[in-house]
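The values are calculated or read from the model by the stated rules, or taken from the named source; none is laboratory data. The model shown is predicted, which means the values in this text are computed figures rather than measured ones. With ideal geometry, Cβ positions are generated from the backbone for all residues, glycine too; neighbour counts draw on all protein chains shown. In case anyone asks, the SASA skips ligands and DNA or RNA and just uses the protein heavy atoms, side chains included. Shrake-Rupley method; radii C 1.70, N 1.55, O 1.52, S 1.80 Å.
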Amino acid sequence: MQSEEPIIQLVGLGKEFFTSNGPIKALDDINLSIERGEIFGIIGLSGAGKSTLVRCINYLEVPTSGDVLFENQSLAAMSSRKQRLARQSMGMIFQQFNLLAQRNVLQNVCFPLEIANVPKKEAVKRAMELLELVGLKERAKAYPSQLSGGQKQRVAIARALATNPKILLCDEATSALDPNTTKSILGLLKEINKNMGVTVVVITHEMSVIEAICDRVAIIDQSHIAEVGCVADIFSEPKSKIGRQLILGDAAEQAMRFGGNRRIRISFDGRSSFEPVLSNMILACKVPVNIMHAETRDIGGTAMGQMVIQLPEEEIDQNRVLNYLKTAKINFEEVKDYDL
Amino acid sequence: MTFDAATIAMLKLGVWETLFMTFTSSFFAYLIGIPLGIILIVMDKDGIYPVPWLQRILGLIINLLRSVPFIILLIMVMPITKIIAGTTLGAKAVIPPLVIASAPYVARVVESSFKEVDAGVIEAAKSMGASAMQIILKVLLPEAKPSLLVGAALSVTTILAYSAMSGFVGGGGLGDIAIKYGYYRYQTVMMFITVAILVIIVQVIQEAGMKLSRMSDKRIK
């Protein structure tokens with residue numbers, strides 16, 4: 001997969017909005033490559049520019065600088081007719097589902113096929129196949145108002161896949177859903193990625209969504225990409241401040257409320273979580289430590305954990321602990337500069 | 001006054017003329033108003049095919065036409081009426097000014113119905129590669145249908161009210177009877193009767209519009 005050219009390349013992408021209060025830079029010099037067949041996450045806090053970014057990928061928003069390459073073809077250089085054809089190879093789903101309220105489920109799934117001028121009979125056949133895939137074949141004649149949120153998103157996914165797109169863009173697709181429904185929708189997306197080979201781009205503000213399905217992730221902060229990498233790598237060693245914030249989440253804030261001594265964050269991958277790291281450390285250093293936060297998460301099928309501990313008061317003791325962790329090759333870092 | 005056969009025949013003719021004026025004018029007003037409403041929404045600066053300068057000029061013309069009192073417009077457009085209808089008297093002569101007066105109104109009503117269509121749904125259609133024309137025909141019109149029907153009931157009843165003013169130029173219809181008999185000849189009973197008939201017609205049109213809208217709306221479970 002590495003040898004192939006990326007399906008999407010963003011080159012020096014920028015987007016400025018001109019408002020009555022002067023120009024606002026939503027995106028600045030974004031460079032990203034999305035590989036064919038991967039699930040790529042884009043995470044950021046609200047207002048970071050992630051929704052604008054995903055709309056630039058299919059040119060719903062026209063960037064003010066830079067270019068988008070879709071299978072090495074420049075979208076900027078395309079005529080608007082060509083751009084519309086390219087969009088038929090890029091499905092998109094939304095937070096609010098955006099189904100046509102006056103059309104039933106089947107007609108909604110047929111809609112992109114109508115736009116692509118597919119004969120009706122063929123369109124209905126394809127739509128029924130997709131409804132079967134998303135498990136809503138029996139609801140074909142129902143209207144969106146009669147469906148639950150999760151069902152609506154399943155219809156939207158079927159609709160987005162109707163024209164056999166190579167890439168599926170998901171804009172906060174699970175943000176309006178409850179945790180259980182979120183899980184099942186994420187499972188469906190993963191299945192589609194695996195079985196149909198569709199590249200999936202996931203936009204979210206929730207780290208748990210990234211951890212559940214993404215191979216790689218880009219963290220976007222204040223119109224810039226803060227860091228890009230494998231989800232597991234970023235989890236164990238976040239390089240940017242925003243990355244640390246997103247990974248620690250609410251726990252960081254809780255841990256910060258206890259003032260006092262130096263705190264460190266230790267992260268474990270599947271290998272080290274088998275060993276009783278902390279007990280070993282306490283026994284070896286003969287100092288007590290205070291555990292402020294601990295959790296394990298499932299990242300791409302591997303159990304990964306993180307823990308925030310408070311170091312002992314004496315500096316000698318502190319150094320002993322830090323040295324122990326260093327020699328035991330445990331990932332750790334100080335949490336003093338989080339300033340949340 | 002007495003209720004002889006002649007009076008009843010006159011009222012019957014009045015009803016017929018009123019309905020004829022109202023529905024013919026409504027038909028032409030919508031024929032012009034729907035495309036105008038579409039242009040207003042589509043060519044808006046945030047629309048799916050932005051041509052803001054044209055949209056603004058059109059909006060200005062529509063507002064200008066809407067600010068002219070109908071009774072003045074009725075007289076102002078008489079030369080045009082003469083060309084189109086061949087006469088400046090009777091029910092037929094009221095149709096051209098009614099259409100000119102109500103088409104801009106209809107355009108605004110239609111525009112507001114289109115505005116209710118969820119922007120997200122339009123965005124979804126765009127993400128599928130739909131052209132502006134496909135969005136108008138397959139998204140805007142069908143999604144706005146229930147609201148357009150409510151708007152139609154509003155427009156038709158407004159046009160009916162306008163048509164009642166045509167009595168002023170001998171336009172015929174119930175309004176004409178109300179002015180000639182009820183007002184000029186002090187036949188209060190006649191005035192009440194014509195007004196009562198108008199009330200009933202308005203009620204029927206309004207209710208029919210609302211019911212059609214409800215029946216067509218798939219958002220209602």
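Listing for the model above:
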| quantity | calculated |
| --- | --- |
| Full-stretch length increase - A:A284, A:K190 - with 0.36 nm per residue and alpha-carbon distance subtracted | 29.5 nm |
| Principal axes of the range B:5-220: Cα extent on each, largest first, Å | 65, 41, 24 |
| Cβ-defined net charge surrounding B:M43, 12 Å radius [Lys, Arg +1; Asp, Glu -1] | -1 |
| Descending Cα extents along the principal axes, chain A, whole Å | 77, 47, 43 |
| FRET efficiency estimate (nearest 0.05) - Cβ-Cβ, B:L154 to A:E71, R0 45 angstrom | 0.35 |
| Area buried, chain A against chain B - accessible surface, total, 1.4 angstrom probe, square angstrom | 2100 |
| Computed label-point distance, nm, for sites B:Y186 and A:K121 using a 7 Å Cα→Cβ extension | 7.9 |
| Chain lengthening between B:F23 and B:L89 when straightened (0.36 nm per residue, less Cα-Cα) | 21.9 nm |
| Residue-averaged beta-carbon neighbours from other chains (10 angstrom radius) around B:112-122 | 2 |
| Spatially proximal lysines relative to A:K125 (Cα-Cα < 25 Å; intrachain offsets below 8 disregarded) | A:K137, A:K141, A:K152, A:K166, A:K190, A:K194, B:K126, B:K138, B:K218 |
| Antiparallel bridge percentage (DSSP; both residues within the protein assembly as shown; nearest 5) | 70 |
| Carbon + sulfur, % of accessible area of the protein assembly as shown - ligands and nucleic acids excluded, 1.4 Å | 58 |
| Distance (nanometres) between label positions extended 7 Å along Cα→Cβ at A:E314 and A:L85 | 7.6 |
| Label-point gap, in nm, between A:S175 and A:N331 - each point 7 angstrom along Cα→Cβ | 2.7 |
| Two-decimal Rg to Rh for the range B:44-149 - Kirkwood Rh, Cα set | 1.11 |
| Listed residues A:L130, A:Q95, A:Q107: farthest to the positive end of the dipole of chain A (Cβ charges) | A:Q107 |
| Normalised contact order of chain B, rounded percent, pairs of Cα under 8 Å and 6 or more residues apart | 26 |
| Computed log₁₀ I(q)/I(0) - Debye formula, equal Cα scatterers, no solvent, the range A:128-184, q 0.17, 0.18 Å⁻¹ | -0.57, -0.63 |
